[in-house]
Amino acid sequence: MTYCVGFLVEGGLAMIADTRTNAGVDNVSTYRKLHRFDLGGGGFVTLATAGNLSVTQATLNLLREGIENADTGQVETLDEAPSLFRAARLVGQAVRKVRGDMAPSLEADSVSSDVALLLGGRVGDGPLGLYLVYSAGNFIECGPETPYLQIGETKYGKPVLDRAVTFRSPLWDVVKIGLVSFDSTLRSNLAVGLPLDLMVAPRTPAAPIVSRRIEADDLYFRDLVERWSSALKATLTAIPEPPYGE
């Protein structure tokens, strides 16, 4: 399994994904789950993937090769999408086709073909967007009311997001909170592991996109983890004991 989260706030877009894939306790591997497609006109699409690795890899390759449009007969690729909504539709089509081809054989061996993908980016100098694409190919769009989307092992990292993230949260504060969310998940779930991949795109189209891999020896991440643990312990110590035993 894996854990991926995407944020769409007033200041921009941020996406984080881990890299662990496991098919049992003795078969643990590292694979990139955050993939970027550069579009014409300075646009981009970033996909975070969770679920069956063979299905997600085949889906990504199909998006690069192209999918035939049933109405026009032309082959459409993700890097030629005229809008982010159309990009989400292409990803959904690719997921349906790949699962249609692979699911019968996988399920015959009791292997799940389920996947989920986060799609974030912009087309040209248009607005940023963030979508969650499900196994059936349908999708939802992120909005200001809940300015983040998660896939994979979501439960351990969700509480801190619910408490701390709003649409008006500064972009780099959101990245910090996202990394805390990953620390909580890493501590509680062996199916999620370092390194992490990070992508940050400010709302202004001309601003540079930041891409970074966070390894186990990353100084900032180690400092964040230590500070967060210390702050939690200090806060618990400062809270009065329950009076229920009196």
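Worth a mention:
- Looking across the stretch 172-203, the residues that are hydroxyl-bearing (Ser, Thr, Tyr) and out of contact with any strand residue (DSSP E or B) (no Cβ under 8 Å at 6 or more places or on another chain) come down to SER184, SER188.
- When the stretch 98-109 is filtered for residues that are of a type outside the set (Gly, Ala, Ser) and modelled with pLDDT of 95 or more, the ones remaining, listed by number, are VAL98, ARG99, ASP101, MET102.
- Restricting the stretch 95-110 to residues that are in contact with a helix residue (DSSP H, G or I) (Cβ under 7 Å, 6 or more places away or on another chain) and within 16 Å of ASN138 (Cβ to Cβ), the residue that is surrounded by the most Cβ atoms within 10 Å (Cβ to Cβ): VAL95
- Of the residues screened, ASP71 is not one that is charged (D, E, K, R) and touching a helix residue (DSSP H, G or I) at 6+ places or on another chain (Cβ under 7 Å).
- Index of the failed condition, ASP223 passing every other in (1) at pLDDT below 95; (2) in a helix (DSSP H, G or I); (3) of a type in the set (D, E, K, R): (1)
- In the stretch 158-183, of all residues being among the small types (Gly, Ala, Ser) and surrounded by 20 or more Cβ atoms within 10 Å (Cβ to Cβ), the one that is farthest from GLU226 (Cα to Cα) corresponds to GLY178.
- Exactly one residue among LEU90, LEU47, LEU63, LEU84 is closer than 22 Å to LEU196 by Cα, at pLDDT 95 or above and hydrophobic (A, V, I, L, M, F, W, C), and that residue is LEU47.
- Taken together, the criteria place ALA87 among residues that are out of contact with any Cys (no Cβ under 6 Å at 6 or more places or on another chain), under 22 Å from GLY12 (Cβ atoms) and hydrophobic (A, V, I, L, M, F, W, C).
- Exactly one residue out of ARG222, ARG212 is farther than 16 Å from ALA50 by Cβ, under 18 Å from the mean Cα position of the chain (by Cα) and surrounded by fewer than 17 Cβ atoms within 10 Å (Cβ to Cβ): that is ARG212.
- Among the residues of the stretch 117-131, the one identified as assigned to a strand (DSSP E or B) and free of Cβ contacts under 8 Å to residues at least 60 places away in the same chain is TYR131.
The values are calculated or read from the model by the stated rules, or taken from the named source; none is laboratory data. This is a predicted model, so every value here is computed, not measured. So basically every Cβ, Gly included, is an ideal-geometry build from the backbone, and we count neighbours across all protein chains shown.
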